[in-house]
Protein chains: 2
Amino acid sequence: MNRTRTARSGGPAGANLGVLRSHNTALVLGLLRDAGTEGISRLELAERTGLTPQAVSKITARLREEGFAAEAGRRASTGGKPRTVLRLVPEAGHAVGVHLDRDELRVVLVDLDGTMVGERHGELHLGAGAEAVLGAVCEAVEGLVRESLGETTGGGAGAGGAVAEGGDGGVSGVRDGGLAAGAGLGGVRSLLGVGVALPGPLDHAQGVLHRVTGFPEWDGFPLRDALAERLGVPVVVDKDTNAAALGLAVGGEEGAAGRSFAYLHLGTGLGAGLVFGGSVHRGARTGAGEFGHQVIQLDGPRCECGNRGCVEVLCLGAAARGEAAEAARVLGVAAGNLVGLLDIDVVLLGGRTVAAAPEAYVQGVGEVLDAQALREGASGGPVPVRIAPRGERVVAEGAAQLLLAPLFGRGDV
Amino acid sequence: MNRTRTARSGGPAGANLGVLRSHNTALVLGLLRDAGTEGISRLELAERTGLTPQAVSKITARLREEGFAAEAGRRASTGGKPRTVLRLVPEAGHAVGVHLDRDELRVVLVDLDGTMVGERHGELHLGAGAEAVLGAVCEAVEGLVRESLGETTGGGAGAGGAVAEGGDGGVSGVRDGGLAAGAGLGGVRSLLGVGVALPGPLDHAQGVLHRVTGFPEWDGFPLRDALAERLGVPVVVDKDTNAAALGLAVGGEEGAAGRSFAYLHLGTGLGAGLVFGGSVHRGARTGAGEFGHQVIQLDGPRCECGNRGCVEVLCLGAAARGEAAEAARVLGVAAGNLVGLLDIDVVLLGGRTVAAAPEAYVQGVGEVLDAQALREGASGGPVPVRIAPRGERVVAEGAAQLLLAPLFGRGDV
DNA sequence: CCACTTTGGCAACGCTGTTGCCAAAGTGCA
DNA sequence: TGCACTTTGGCAACAGCGTTGCCAAAGTGG
């Protein structure tokens, strides 16, 4: 039907009217979301998008008809007819985010706004075998969805309607595929799909795992398709750090939209999620963000990866010895390398190790970056360092955004 | 006139029919260029872009009418009417690339194809003062253009026609501004503009220099506007490494289009140009690519930047001592950090230091990356290392691409 | 109460890529 | 040599996008 989609194989894509329409619709939807409960007027939308007011009127009329947007009062008059305020209808769509870690499972259900409306959390051993893990995930997801959204509750408009059409997202599309109607969660109309985030190296585009560190039995497992078939809804898979970064890019405070940052995660290992201009940088093979095995001490102590002087062994080693200040200094040097190389706006820190002594890390990393900026006379001052918001839910909520983000035109998920 | 352009201030941009048209036109033009002298048929264009054959026919008809494309024979029949082959008309447009280095000046003139059709090269001291430098640049540019293109030679279609319209490129637009008609090079119709590449930190978007290392008198100098006013054509300014990277992204051998790579330049200093998915990554403040002051030896020898253990001081120090192998090993470690962090496809090496012992560097860096890939069991094997093509002209030719690339829809120059 | 300002919908429009159709230009077999 | 068949690619009509011109609706201010 839509040739634009079929011809996509890495090459550049031509755009037709359908693509144009969904692009602009996604843009408007994104601004509606960013406006939150406060809402935004048609004319403001026109100004921000560069579209004419009339075009915005047509687009918002469609969105209202489909249930994604609604009128919400009006602004004060400035001497003429007051502007009508529009807002997103958060209940018109939902997405599930799954955080699959080495020893625990967290499942959240969020609405279009990104607000969490349900959660499940428990222990789970990743090495327990595919069948057991998949079963646990499916049970948690289905239970949570049915509990929160009911059996066939529509919530609002039909998901997967006009909005995502023609988009180039990586959504699997299994939903429309050869699956018996009514199977799994296919009946829950407002459910857009399930995003899954987990550690190991993997292929985001295909949804296939490579070598989850320490669990060789997952090597080559087609997680996306396996889950999509069981659940009957689209599934997207990504690295945990990428999901977290996406979540932070979307819901970031003070205008993170369109900005660039690095999310450094200190947990069992040390990884990074990179966001440039609002979209997650995954690299050619979803391998970007290998921050922990950056060498910062030539011929330094041996790391378990086989190399010498990696940040991970230096930083986490110091942290394990209780030397948070030294760990922060080492992390700061590596972060400085990254900041200089990529010219980002902010560094966000997260993960268990950081949570144990947040102030020490923010200060320690900040000092190194400040000194660097001072030396270079950087325009705009030093790059700020902050603790990433949302704490332990950052990955799961970001995973849900793997499904939501394409609707809003942010990032090329 | 075009609201799309006025509303752009960092935020997302709505698209109208004009944007759609120029997007598709640029796409087709890009494929025509990539096809080279061999040409490409309408149906192939349709397949590659995802547009319908009829849409391609309309677009190519416009391009032929405007002089940018022409028919060039036909393919062998496969049982029906043979396909007509189309090709780019290189003479329909030209761009000047200026490489302004600390002690020399190189100016090249290239056609739409990127083929060099003229060159000037000489010594120039960057510290000689703005007036002297600008004068020398303008003299070289004007002399080269008039010598190669003549006083008012059209070459082909009018530059700046329907193609770039509605595009969001950073082209200055001074040409249409408040300049007396016929001033400078405004009369040379096929000339799209001048791209200037130089070392120091600078602001690509505004075309303003920051602190060219060692030449404080350039701090804050509005190079783009100053040159645009003198020459009477659009001017774009960028860092030398970015320009080189752009040039390599465009003219790269074996399908560099859409790929990701890092260009490491070892000259007076050590810098990098990054290309992700075919577009140059400049970062928030055109500061990306600060590769040389990456710390790879905690508390190592002091670098002139004030920090300790930077790659630059270690690598170039070893090179100065004649220890190319050690320099390559150090460079390899830093390159490995970069490759792991960004998951790129290729590493390209260039610059005087590398040119002195190319094999040693390719082998030394390659060994480090191979070992890293082996340890990680990287899918797809190790990242290849190669010498960047084009030698000493890489920056100047890339600078010219600052003007050409927007026409072809590659990168967001 | 009326002049004025501002919002935002209706209708006509221009332009995009798309679809249906068919002439043109080949091959291949009788 | 002729005819059936395949493939290319232009012409014309079309659907749908954002745009423009116009005007009713809904406020403020004197």
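The values are calculated or read from the model by the stated rules, or taken from the named source; none is laboratory data. Just so you know, these numbers come straight off a predicted model, no measurement behind them. Glycine gets a Cβ as well: all are built from the backbone with ideal geometry, and neighbour counts include every protein chain shown.
Just wondering, is there one or more residues in the stretch B:378-396 that are away from chain A (no Cβ under 14 Å) and among the acidic types (D, E)? Yes, because at least one residue in the stretch B:378-396 is away from chain A (no Cβ under 14 Å) and among the acidic types (D, E). For the stretch A:79-131, the set of residues classified as among the basic types (K, R) and in contact (Cβ under 8 Å) with a residue 40 or more places away in the chain consists of A:R83, A:R87, A:R102, A:R106, listed by residue number.
So A:G79 passes all but one of these: (1) surrounded by 15 or more Cβ atoms within 10 Å (Cβ to Cβ); (2) more than 14 Å from every other protein chain (Cβ to nearest Cβ); (3) more than 27 Å from the chain's Cα centre (by Cα); (4) not hydroxyl-bearing (S, T, Y). Which condition number does it fail? For A:G79, the failing item is (1).
Yes or no, residue by residue, for (1) free of Cβ contacts under 8 Å to residues at least 12 places away in the same chain; (2) at negative phi:
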{"position": "A:G306", "(1), (2)": "yes, no"}
{"position": "A:C310", "(1), (2)": "no, yes"}
{"position": "A:L314", "(1), (2)": "no, yes"}
{"position": "A:A320", "(1), (2)": "yes, yes"}
{"position": "A:G340", "(1), (2)": "no, yes"}
{"position": "A:D343", "(1), (2)": "no, no"}
{"position": "A:V354", "(1), (2)": "no, yes"}
{"position": "A:V362", "(1), (2)": "no, yes"}
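Only one of the listed residues (A:R74, A:R64, A:R33) is among the charged types (D, E, K, R) and touching a helix residue (DSSP H, G or I) at 6+ places or on another chain (Cβ under 7 Å). That residue is A:R33.
The residue that is farthest from the chain's Cα centre (by Cα), counting only those in the stretch B:293-311 that are more than 7 Å from chain A (Cβ to nearest Cβ) and surrounded by fewer than 24 Cβ atoms within 10 Å (Cβ to Cβ), is B:D299.
Residue by residue through the stretch A:56-73, note down the ones that are on the phi < 0 side of the Ramachandran plot and not in a helix (DSSP H, G or I). Hits for the stretch A:56-73 are A:F68, A:A69, A:A70, A:E71, A:A72.
To keep it simple, each residue is scored yes or no on (1) surrounded by 24 or more Cβ atoms within 10 Å (Cβ to Cβ); (2) outside the structural domain of A:P201 (by TED's automatic domain parsing); (3) at pLDDT 95 or above; (4) of a type in the set (F, W, Y).
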{"site": "A:V235", "(1), (2), (3), (4)": "yes, no, yes, no"}
{"site": "A:D238", "(1), (2), (3), (4)": "yes, no, yes, no"}
{"site": "A:H265", "(1), (2), (3), (4)": "yes, yes, yes, no"}
{"site": "A:G287", "(1), (2), (3), (4)": "yes, yes, no, no"}
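Contact annotation: residue pairs with Cβ atoms under 9 Å, 6 or more positions apart or on different chains, pairing a residue in the stretch A:20-35 that is within 8 Å of chain B (Cβ to nearest Cβ) with a partner that is among the basic types (K, R) and not in a helix (DSSP H, G or I), are A:G30/A:R410.
When residues in the stretch A:6-41 are screened for being at pLDDT below 90, buried (at least 16 other Cβ atoms within 10 Å of the Cβ) and away from DNA strand D (no atom under 16 Å from the Cβ), 3 of them pass. Among the residues of this structure, B:G351 counts as one that is small (G, A, S) and under 26 Å from B:D238 (Cα atoms).
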